[in-house]
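The values are calculated or read from the model by the stated rules, or taken from the named source; none is laboratory data. Worth saying up front: this structure is predicted, and the values here are computed from it rather than measured. Virtual Cβ from ideal backbone geometry, glycine too; neighbours counted across all protein chains shown. When the accessible area is computed, the model is the full protein with side chains, heavy atoms only, and any ligands, DNA or RNA have been set aside. Shrake-Rupley method; radii C 1.70, N 1.55, O 1.52, S 1.80 Å.
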Amino acid sequence: MFGREAEQRSVRDNRFMDFSITRDPHGVPHVLGETAADAWAGMGYACAHDRLFQLDYDRRRACGRWAEIAGVGAVGGDVLARRLGLAAAAQRDVAVMSATARTAFEAYASGVNAAIADGARPLPGRYPVEPWQAWHSVAAFLVRHVLMGQWQHKLANAVLLARIGPSAFARLETRPPLGSPLAVPPGGRLSAPVSRLLDDALGDVVGHLGFLAEVEPGSNAWAVSGRQTAHGGAVICNDSHRALDTPNVYWQCRVSCPDFDVAGATFPGLPGFPHFGFNGSVGWAITHADADSQDLYLERFSGPRYLTEDGWAPAELRQERIEVRGGSPVTVRAWATRHGPIVHGSPDSGIALALKWTGTYRANSGFECMFPMLTAGSVAQLCDAQAGWVDPVNNLVCADVAGQVAYQCRGEVPARSSEGGRRLPVAGWDGKCEWTSPVPFGELPRSVDPSAGYVMTANNAIVDGDAPYLSYTFAQPFRAERLRSLLDGQAAVTVDALAGMQADTVSVAARGWGRVLGSLGPFESSPDAEAARSLLAGFDGDLAAESAAALLYACFVRALAAELYRPILGPDTWDWVASGVLAPTISLVRRWLAADTWELLGMPTAPDDGLGPADSAPGAGAGAGAAGDRDRRVLAAVPAALASAWAAAVRLGGRDPRQWRWGDAHQAVPVHPLGAAQGGPGRLPGVPMGGDADTLQAAGYGWRAGAPFTVTSLSVYRQVVDLADGRTASFVIPGGASGDPASPHFADQLAEWAAHRRIPMTAPEASGADG
């Protein structure tokens, strides 16, 4: 099947384990175990040979020990990790695992250690590595997700409020505009605001900024029922959006034993396939739900005590020592209150920020759901299996061999005693915004075999209104609008057409601007503005890599954001926001723009208006009142933004627009955690890309004027499964199975990924509709 002979290995921990590993032409392993424990041991063994550096990197980041390898530049991250207490949280989670889960995690650790014993070493320098333990897998998962929640959004909003004041802050809207597509029900639209704006003023928390390692997550996933496809089988497609790590954040694998047979992608270090997989009966994928599972509490301190509604209480204190390669050790005081660890600031200043996060505030059993997923026989069974999942909160999309599709929101969403904390940190001393209980699993949004014939998610609003409350803000809805337009009302759609949507570079926002600019001008007083307007007027919105108009459009959007928000924020704060020093500010600007331009660009504004981007007039739905004022403010900024955009495009592509190419300026650049330092691998070649943050081919960039349009977040895993013929399942990552630059499988999928091709998944055989 795979064309390479199997390696036979046994785990060396006083228990003989029998597994074999074969690899396909791209080095993707297929692990075959005599028992489930054997299979998990083989998975750990294969992963350690492929990604031992990554395993050790994530473990050290979680434990606050990366500075031991990377030196003084990593101290900030280690300090935050020690404050968060991720290592202790991981150990608590392992302590409450069921026998099934604990056996899997321990067997996986045994496989990693067998690989180490057989000579596997991490890069750079192939330094000796410590034995792997079961809790290290949990810690590696936690560190990949702790910075993906609303914590950093709330911090960014707090800094903005402190800098610009309540009046200006109230002009910055991040809630999805009315008319945004919904995940449940498929085909629905938002008709009610998600929550009210808080007017609380905060002190200056600029000094509390901490280390960040992850940009905002994204992703698309869609599944189409057999009723809607040309061949009668359900199809599921997905692409996960994150920063472009080297090696890639996901690792492909197939794991088989008498109990289960599953292929897909998972995080190095984790037994199981919680995010993407196919078990022969059901295929599944997730996107990030942007759910509000993290709260920041401002705590007042007096010495080692902090204020509560019942008076002063003693804070917990741990002393942590960080060893630093080439430097002196650093001692960290890690404080915690009833709300959680102090993550920003110091009690010495009298005020600090504590984090309460579902991932660590108590021992969790969230990984238990990974194991019934392996044998689920239908979409309903797979959805039922998600009960108990904790973090991150996900949109799970699935399809089965019976032709059905489903959507399930999964994860722990805290119910609160008030609406405080939805956008900003809250006071920790008055007891007015405390967690009461999680939203029951049965009340989380779910849709099985919907009449629309499809389910979809692009990090968009999930349900209409606040029942239950999931989040204050979601991703800007243009990407979801494009996805819905391609799925809604389609019949006899082919697998190739559904898979081809992953390469779609059409922006409905860019198309809307083409219509708006066609109705304006001419701008006779500004030749540059008129030249830009003329080129973009009637633009079809296709941000193809070879497009000249796409380059100019990107320069225009960046300039328009500056024209709109610099006057509100002031020059210094705008420069800080555009810099992306605090990563969520990049997505905040996108959401401000969406709120300010949705109606102007002709997007639907009510659930029953029947309008879509293709048949709406510029400014449809924008009349008197706030919407009209907003449109006038945006249009007033257009001439200056166009002039700036033309000048920027000339600097990037030369004076002849016929020579402009969006892909020349807009590239994905894989970066290793160590760069070229200390013997680590340098950068892989940049990959020219089309699209932007509003297109299905996700390729977002930053806002700083004059900065390169380097892609900050893109697809790091694509998967397509036709449930009518599992043998055709395919996947791809922008890199390769191996994390070793010397391996032929370090980057052998990059060219396939860049060309929107995939490699065979070598998936399980379809097992029938009844599982």
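Local charge for Thr100 was computed over the other residues whose Cβ lies under 12 Å away, with Lys and Arg +1 and Asp and Glu -1, and equals -2. If R0 equals 41 Å, the separation of the Cβ atoms of Ala636 and Asp348 corresponds to a calculated FRET efficiency of about 0.30. Solvent-accessible area per residue in the chain equals 33 Å², computed with a 1.4 angstrom probe and all protein chains kept.
Expressed in nm², what is the orientationally averaged projection area of the convex hull enclosing the Cα positions of the chain? Could you put the intermediate results ahead of the total?
Details: hull surface 124.3 nm².
Its average projected convex-hull area is 31.1 nm².
Between Thr35 and Ser365, how high is the FRET efficiency from 1/(1 + (r/R0)^6) when r is the Cβ-Cβ distance and R₀ = 30 Å? Nearest 0.05. Working shown, then result.
On the way: r = 23 Å, r/R0 = 0.77.
Efficiency, from the Cβ-Cβ distance: 0.85.
Sorting 500-507, 376-383 by average packing, meaning the other beta carbons within 10 Å per residue, from highest down gives 376-383, 500-507. Net length available on complete extension from Leu317 to Ser519 is 66.4 nm, with 0.36 nm assigned per residue and the Cα-Cα distance removed. Taking Lys and Arg as +1 and Asp and Glu as -1, the other residues whose beta-carbon sits under 10 Å from that of Arg82 total +3.
Leaving out ligands, DNA and RNA, what percent of the accessible area of the chain is carbon and sulfur, probe 1.4 Å?
Working: 13090 of 25660 Å².
Answer for the chain is 51 percent, counting heavy atoms of protein chains only.
Just order 389-396, 326-333, 107-114, 408-415 by mean Cβ neighbour count inside 10 Å, highest at the front, would you?
Values: 389-396: 25.4, 326-333: 12.0, 107-114: 26.9, 408-415: 23.6.
Packing order, densest peptide first, comes out as 107-114, 389-396, 408-415, 326-333.
Approximating the spin labels as points 7 Å out from Cα along Cα→Cβ, the Asp575-to-His231 distance works out to 5.7 nm.
With K and R counted +1 and D and E -1, the other residues having a Cβ less than 13 Å from that of Arg65 yield a net charge of -1. Only helices enter this figure: runs of n ≥ 4 DSSP H residues, each worth -39500 (n - 2.57), summed and divided by the residues of the chain, yield -9000 deg cm²/dmol at 222 nm to the nearest 500. Hey, what did segment 489-610 get for relative contact order, percent, Cα under 8 Å, at least 6 apart? Rounded, it is 22 percent for segment 489-610.
Provide the gained length on full extension for the span Ser485 to Ala467, in nm with one decimal, where the gain is 0.36 nm per separating residue minus the Cα-Cα distance. Please list the in-between numbers first.
Numbers: separation 18, 0.36 × 18 = 6.48 nm, distance 2.60 nm.
Full extension of this stretch gives 3.9 nm more.
Consider a paramagnetic label point 7 Å from the Cα of Glu309 along Cα→Cβ; state which residues of segment 325-354 have an amide N under 17 Å from it. The answer is 338-340.
Highest mean packing comes first when the peptides 566-572, 220-226 are listed by Cβ atoms within 10 Å, giving 220-226, 566-572.
Using 0.36 nm per residue, how much length does the chain from Val669 to Arg651 gain when fully extended, once their Cα-Cα distance is taken away?
On the way: separation 18, 0.36 × 18 = 6.48 nm, distance 2.11 nm.
That works out to 4.4 nm of additional length.
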